[in-house]
Structure formats: structure tokens, C-alpha cells
1. Just to be sure I understand, how many residues within the range A:65-107 are touching a Leu at 6+ places or on another chain (Cβ under 9 Å), part of a helix (DSSP H, G or I) and among the hydrophobic types (A, V, I, L, M, F, W, C)?
2. Yes or no: residue B:142 modelled with pLDDT under 95, crowded, with 19+ Cβ neighbours inside 10 Å and under 21 Å from residue B:260 (Cα atoms)?
3. Got a sec? Which of B:23, B:78, B:83 is modelled with pLDDT under 95 and either loosely packed, with under 13 Cβ neighbours inside 10 Å or within 12 Å of chain A (Cβ to nearest Cβ) (or both)?
4. Residues that are crowded, with 20+ Cβ neighbours inside 10 Å and at pLDDT 90 or above: does the range A:87-103 have at least one?
5. Would you check if there is a residue in the range B:1-18 being at pLDDT 95 or above and part of a helix (DSSP H, G or I)?
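The values are calculated or read from the model by the stated rules, or taken from the named source; none is laboratory data. The model shown is predicted, which means the values in this text are computed figures rather than measured ones. Please note: Cβ atoms are built from the backbone with ideal geometry, for glycine as well, and neighbour counts cover all protein chains shown.
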Amino acid sequence: MTAVEGTPPAASTPLVAPVAEPLPSSPATPAAGAKAAQGRQRRRPVASWLGVTLRWLALLAFSLLFVYPFLWLVSASFKPRSEVFDNRLIPRTFTFDNYLQVWREAPLGVWMLNTVIVTVLAALTVTISSAMVAWGFAYFQFRGRKALFGLVVATMMLPGAVTLIPTFLIWKSLGMVGTLTPLWAGNLFGSAFYIFLLRQFFLGLPRELFEAAKIDGANNWTIFVRLALPLCKPAIILTLLFEFQAAWTDLMRALVYLRDSSDFTVPRGLKALLDRYGFGGEWHWEIVVTASVITTVPMIVLFFLGQRHFVGGIAGTGTKG
Amino acid sequence: MTSGLLATSKAVRHSERKSAVSAHDSRAAWLFISPWLIGFAIFTAWPLIYSGYLSLTDYDVINAPNFVGLDNYRQLAADPKIAQSLGNTLYYTVIQVPLHVLVALGLALLLQRAGRASGFFRTAFFLPKMTPPVAIGIMLLLLFNGQSGVINGVLGWFGFQGPSWTTDPNWVKPGLILMSLWTVGSSVIIVLAALREVPDHLHDAAKIDGANSWQRLVRITIPMIGGTLFFLLIVNTIASFQTFTEAYTAYFGSGNTTYSNDAALFYAIYLFQQGFEYLHMGYASAMAWVLFAIIMAVTVVQLVLSKKFVFYLGGHR
């Protein structure tokens, strides 16, 4: 792409006094320059002390803002029905009943099992297939490679709504609507975002290594499985984590494909509980709150298990694109 | 001399590599990418063509599609719910996306100076992103509840009478937008990574020239991370045009019969209703294509603007 070096941003110019005007222009008088510098030095300690304090207050306030809803939710899940909305952080009456009641009222165990099946299969299939495809694009040179990879990238921009209905009709014609299969089986064919991510990673590996293995007689599959995949472990883990989260939290597909409560995933079940116990007339928000906690906790655990990978992986998406 | 030698040896190596690409290798390459090729044919190319065809038909899943020409598109132009859902979606996008990017930038700037504690704060900022969107929709209903929600409780401390965020049509979208900012964490991490790539010497030079921190932010930092900010702008625009789960959870489905949810009727929700609740699959397909066209147009405009305004470090991206 074109680099417009040296072009200052057009916007915002009138707002700010020209600062870094022509650099070599000498200060009007040396004395004035020195005086200004002195003034800055004297002012600095107070200003920076104030700045640091404000910054820490802001950081703490925002952290509270981000963490508080969790604390509220967890706390509410231990309150009896009449106190759910009292907005106290520590329950006045501490009870474990809500958890027992959710377990009795909803087939939560079945929903959990369904979700685990879907997420594990979705994460494994998409990782294996995307890694294969990414390796195909990264290692080999073949006619049409660039154009095809451009197509991979282009599909990332395609809104899901456009393919939603025909994809539903495909699964319907296979008799799979009402089963868990449509929630993960599309992942057998790789996913553009992960292909892009893994290819970037493969391109960073030293090619000489693979050429050497080839001379030693290793075939293409061996090179991929024994050499490339182990070297790309961080990206593989990242793909697994990202897809695990995506599959665990997906509601749209569950709404489209699942019919019976016994087939529900946890997000779909949670929506059903909200419809029934929330504003559905029964007004048992303590059940909805508790089920929300149960749905969310596995993701929090997942984050703490893979925190390093999550943060590193997300940081990379913005700058390497 | 040496550089010439190097160049030739490079060229030799290059041609060796080229000749090493045998027919066998190229067959292997196609085998490796075959999963994607098959998937693209079945789950992207075919659905794209077929939904284009369906958009020209009446189709209720039970009876065969009945060709009606451009009727769906004509109907769409006259459907008041289309105008309404499109309006809601635009309202949401125009406010949520810039706000999202600004908040991400602000928080990243704060984090950048947090020193050793930045890891702790980063975790706190990111955690909400792990919450399933269904749970976020539920939390919206609870935290923003007009009578008993925490938000209005806190506003009450300061003497403000908070609105009925979840039932007043004027306040439903602002509530959804504020709630969506709770999951700004991944964008914060992206901006933070970009900030760390801005070379220190630029700031040092500006400091020597007497630039204050606001001037340095506007003149150096923001232009240097402009590419990343535009990336966030584009990605979030595409996502927010398709926003569905939080609003659907909070305001739609079989439960809600007590109050009007027109204010939360986003385009993707109306599309879902048409397709899967009323089984107007032809009409929903036409809706999908209109959305596709809008997103494409907006993205192209954004890309053109980004080329005009953004300074790319290194210039090879």
C-alpha cells in the first residue's frame, strides 16, 4: 500500500498550535529558551505527581466498572428471591438454594454435555483443518496461490446473514436440523480467520529447516505433522482457545438448528430460562442469574488457563493485519 | 561489488527453489488446501448463489420456491419495519463504533503508563469479553433496570433520576450501546500493542521541541497508530451492522410480551424473524443481500478514507 510519509494528519490542525514546526529553526534568543526549559523543570514534579494520581484513580475506577457486573451477578446468585435486586455486594441472607433449584428446574447437565461436545469438536476440527490449509498456502508455491488466498481473506468480510438461510437448507436436506452436527461440522473445512492467523505464523518459521528435512527424505505430510505443527504450538493453542470461546457462546446457530430442550446448548438453554423465569411472567430472576453465572464461569476459567495466549493473540490481530 | 554478488547468489537460490517446485509438490499443495476448497464450494459459493436466487422467490421451506422476480425487493422498500430496523441499526452503528474506538484508545493510553501493574488492569479490562453475549443481554436487563438497577442507583447518589433504560424506547439503544462498551477489552489490547510500536525517539524529539502531552498525542501517537484505529473502525462497523445476540436476548423471543421492543429491532433480528419465525425465506434472503450491499459500500468508503488519512509505518503493509 502507499505510504504517505511526512504528510501530517489533515484533521485537527487548527486546534493545536504548531508545535514541531521546522525543526532547525533556532530559538529566538538562547536565554529565552533556557528560561522556558527551567520553567518546565520546576513545574514538572507537581504536575506529574497530580497526573500519576489521577491516572491511578482512573485505572482503579475503570477496573471496578469492568469487574463489578461479575461481582454483582455472582453475589445475586447467592441471594434468596426477594433480595436479588437489593444491589448489596454481600448477600444479607446467604443461600445455595438457587444452584440446587436451577439444577432441578433445568436439564443443565444435559445442556453442559451438549455444549462440551460441540465446543470440543468445533475447536479440534477447525484447528486441524485450518492448520492444513494454512500450511498449504504458506509452504507450497503453486499456480493461483495468491488469488486463492485473496479469496480466503475476502470471505472474512462476508456477512454471515447472506449464507445463513442456504446453509440451513443444506443441513435440512441432510436431515441434521434438530441435531448438534450443524453447530460444529462446518468447521471441518477450516475457517478464514484462523487460516490467515496460522499462515502468518507458518511464514515466520525458518524455511531452511523444512528444505533440510526434505533432503533427508521426509515427505510433505511428515514435514507438516512432525516439524511445522510442533513449531507452531502457540498459534495452535490460540486457535483452540478462540474457537472454544466462539462455540461456547454462540446463540444464533443454536436458535436456528436446535428444537428440543434436550438438544440445547448452554446459551440456548439460558435464553429459554430467561424467557420462562425472567420476563415470561414467573419472575424468578434468581434462577436466571444463577444460570448466567454457570454459563459464564467456564469462560472465565478458560481465560485464566490461557491468558498469555489470549492477550498475545489479540494484540497481534490489529498490527499484523 | 559484494552487494552484486549477494544479489546473484540470491537469484540462483531463488531459481533453484522455483525449479524444486515439482508437479508432485503442487499436487500436495492442492491436497493441503482441499478442505477449504470443498468448504468454500459448499458453505460459501453455493449459499451465495442460492440466496441470490431465493431472494427472487417466495419460499416457505415446505413448498418449492416460487419465482417472483424483484417483488421481494419492492416489498422491502415499502416495509415500514425495514426502515425502522435499518434506522435502529444505523443509530447503533454511528454512535457505538466511534465510541468503542475512542474508549479503547483512552483505556489503552491509561494502561500504557500503568507500568508493572498494567498486567493486572489489562486482565480486569479484558475479562468481560469472555462473557457469553446471552449473559450480557441478561445483565443489561438487570443492571439497567429502571427501578432497581445498579446504574440508576448510582445515578441516584448524585441526585439524577435515571431513565427507564430497558422499557423507554428513547433509552433502549443508549442502554445497549453502553452495555456493549463493557466488552471493549479486546480492542484495548489491540490498541495497546500498536502503542508499544510507536518509536520512543519521536516523543523524545517532540518533548525537546516543547510539545505538551496533548499535542504529542494528537500529532504523533494517533497518526502513528492510525492504521490500527482504522482496522478497529472497519471491523467493528461490519460487526455492529450485524448486531444480534445481546438485543435479541434482552428484548425478543417467546418471553417478552409485556412491552414494545420496536426500539431494539435491529436489522439482523428482523432478518432472523422473517427467515426462521415467519419462514419467509425468500424475503429474508433479499434482506440479507441488501445488508451485504450496505456493508460492502460502507467498507469501501472506509478503506478509501483510510488510504487518504492513515500513515502506515514502513509502508509495506
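1. Count: 8.
2. yes
3. B:23
4. Checked the range A:87-103: at least one residue is crowded, with 20+ Cβ neighbours inside 10 Å and at pLDDT 90 or above.
5. No, the range B:1-18 contains no residue that is at pLDDT 95 or above and part of a helix (DSSP H, G or I).
Per-residue answers, yes or no, for (1) surrounded by 22 or more Cβ atoms within 10 Å (Cβ to Cβ); (2) modelled with pLDDT under 90; (3) under 20 Å from the mean Cα position of the chain (by Cα):
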{"residue": "B:72", "(1), (2), (3)": "yes, no, no"}
{"residue": "B:88", "(1), (2), (3)": "yes, no, yes"}
{"residue": "B:94", "(1), (2), (3)": "no, no, yes"}
{"residue": "B:100", "(1), (2), (3)": "yes, no, yes"}
{"residue": "B:103", "(1), (2), (3)": "no, no, yes"}
{"residue": "B:147", "(1), (2), (3)": "no, yes, no"}
{"residue": "B:152", "(1), (2), (3)": "no, no, no"}
{"residue": "B:158", "(1), (2), (3)": "no, no, no"}
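Here is a yes/no grid of residues against (1) closer than 16 Å to residue B:141 by Cα; (2) modelled with pLDDT under 90; (3) among the small types (Gly, Ala, Ser); (4) outside the structural domain of residue A:78 (by TED's automatic domain parsing):
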{"site": "A:260", "(1), (2), (3), (4)": "no, no, no, yes"}
{"site": "A:266", "(1), (2), (3), (4)": "no, no, no, yes"}
{"site": "A:278", "(1), (2), (3), (4)": "yes, yes, yes, yes"}
{"site": "A:293", "(1), (2), (3), (4)": "yes, no, no, yes"}
{"site": "A:298", "(1), (2), (3), (4)": "no, no, no, yes"}
{"site": "A:307", "(1), (2), (3), (4)": "no, yes, no, yes"}
{"site": "A:310", "(1), (2), (3), (4)": "no, yes, no, yes"}
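Results for (1) surrounded by fewer than 17 Cβ atoms within 10 Å (Cβ to Cβ); (2) among the basic types (Lys, Arg); (3) in a helix (DSSP H, G or I), shown as yes or no for each residue.
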| site | (1), (2), (3) |
| --- | --- |
| A:109 | yes, no, yes |
| A:112 | yes, no, yes |
| A:118 | no, no, yes |
| A:121 | no, no, yes |
| A:125 | no, no, yes |
| A:131 | no, no, yes |
| A:138 | no, no, yes |
| A:141 | yes, no, no |
| A:166 | no, no, yes |
